[in-house]
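Q: Next up is a structure, given as structure tokens.
Readers should treat all values here as calculations from the given coordinates under stated rules, not as data from a laboratory. Because the structure is predicted, anything quoted here is derived from the model rather than measured. Cβ placement follows ideal geometry from the backbone for every residue including glycine, while neighbour counts extend to all protein chains displayed.
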């Protein structure tokens, strides 16, 4: 590369390693260049202090200048880059060192200076450019989030992200200790972390997947083809929330639009079903306000919804507030402001989202074609709609019964029974002899028996005779007294204060003063 300008003596001196080989390329021309410069003109030193008797630059100065250049190069490119550059220099000059070994004892002549300088400038510039190009920034860990699509598997999505088939297999195997990979659904997000590999490139280091609001699995690579999984379960705390909705079409739809969770709406409907007919009583402009609990993590993720603590439903301009209260005997129920339980003996409507399609009394039978007494009321609803037990009791019949199709009859006390007909199917556990609670699902709407379409035929029987469910005088629930009533009044005031505080800014908190106040 440097032709005759390479000093064989220096080749022997720097031929032991690649870094000194590159350093040798700097020393030779520097010595010649300093011979051309009259250094004593600028520095108060005698010529003999710098040059030997053979008119050669002393080695200590050559090494000092070379060290300064190397230090500057390290600062600009980094020590790893300089090392690589010198390795390249040494490799390319190796053949010249070997060729010059037989003249290693010959001194460097002055007529070679010009040739050495020219070769150094062109060769060093070329190699420096190549060395700088070869220097790469160090690899750093990289993170990536992938999302599963329809039909995707965890192993497949990992391989699409660049994970080897072996690592993907072992990572999924470790994950299966805490989660069944076959249950993964489309839309599931998985966080990946890649670390630099020993043989360059990147390799999978960690897989993190959030199972639900409480559980998160982390799979970490611990060695060659070895992964370990750890399950983290977060703690949750009950936090109260207040919401308000003005009913525009239906209670469910309006409340959902206002941000009230579906589980809370369902509980409100269940509680009020004891004395409110949601198909006939609710009107546009009615209102619902609710104070409920949500169990949340420290990050604010909701794990589940707890109890409805307070609710007030405005029906036709009349407020019906209820409060959740635990009595001295340990029983918990919802009570109105006068301390009377909202739980009646029977629910008024044992089905949600249905319309009254046929009332109690004489009518032309839609199948038989002649007038016949209709000894119940019909609720039209889509197949599969849940049917609730209207009250606590014991199932007397759960099976096929002539024109009634799939039929359930519940005895609530010695004189009161209810019946449910034309079911599509029975709920799990709904069998003869089983005890049921008010609001428990006992079956699903269908069109079995003599029926022209899916609906629930509902009957109420008093002392063995069918009566109009809409007109029967049902007994009311428990009435609070004494200490229970005193504690209940204190609870009402506390829930009132809590709701107003949380509902600050909601329409209810700023309601028109002319409206009837819910709280006393």
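Q: Arrange 140, 163 by Cβ neighbour counts within 10 Å, fewest through most, would you?
A: 140, 163
Q: Once you have the Cα-Cα distance between residue 153 and residue 307, take 0.36 nm times their residue separation minus that, and quote the gain in nm to one decimal.
A: Contour length minus the Cα-Cα distance gives 51.7 nm.
Q: Regarding the range 142-233, what's the average projected area of the Cα-atom convex hull, expressed in nm²?
A: So the Cα hull casts an average projection of 5.5 nm².
Q: If you split all Cα-Cα distances of the range 355-467 into 10 Å bins from zero, what percentages do you get per bin, shortest first?
A: Result, from short to long distances: 16, 49, 31, 4 percent.
Q: Turning to a different aspect of this structure: Could you please state, rounded to a whole Å, how far the C-alpha centre of the range 254-309 is from the C-alpha centre of the range 185-234?
A: With the range 254-309 and the range 185-234 each reduced to a Cα centre, they are spaced 38 Å.
Q: With a point put 7 Å past each Cα toward its Cβ, work out how far residue 328 is from residue 493 in nm, to one decimal.
A: 2.0 nm
Q: Let me ask you something else. What is the distance, in nm, between label points placed 7 Å from the Cα along the Cα-to-Cβ direction at residue 180 and at residue 358?
A: Between residue 180 and residue 358, the simple spin-label model gives 4.3 nm.
Q: Using a basic spin-label model with each label point 7 Å from the Cα along Cα→Cβ, how many nm lie between residue 145 and residue 340?
A: Here the modelled spin labels are 5.4 nm apart.
Q: Let's test the formula: R0 of 41 Å, r as the Cβ-Cβ distance of residue 415 and residue 284. What FRET efficiency results, to the nearest 0.05?
A: Efficiency, from the Cβ-Cβ distance: 0.55.
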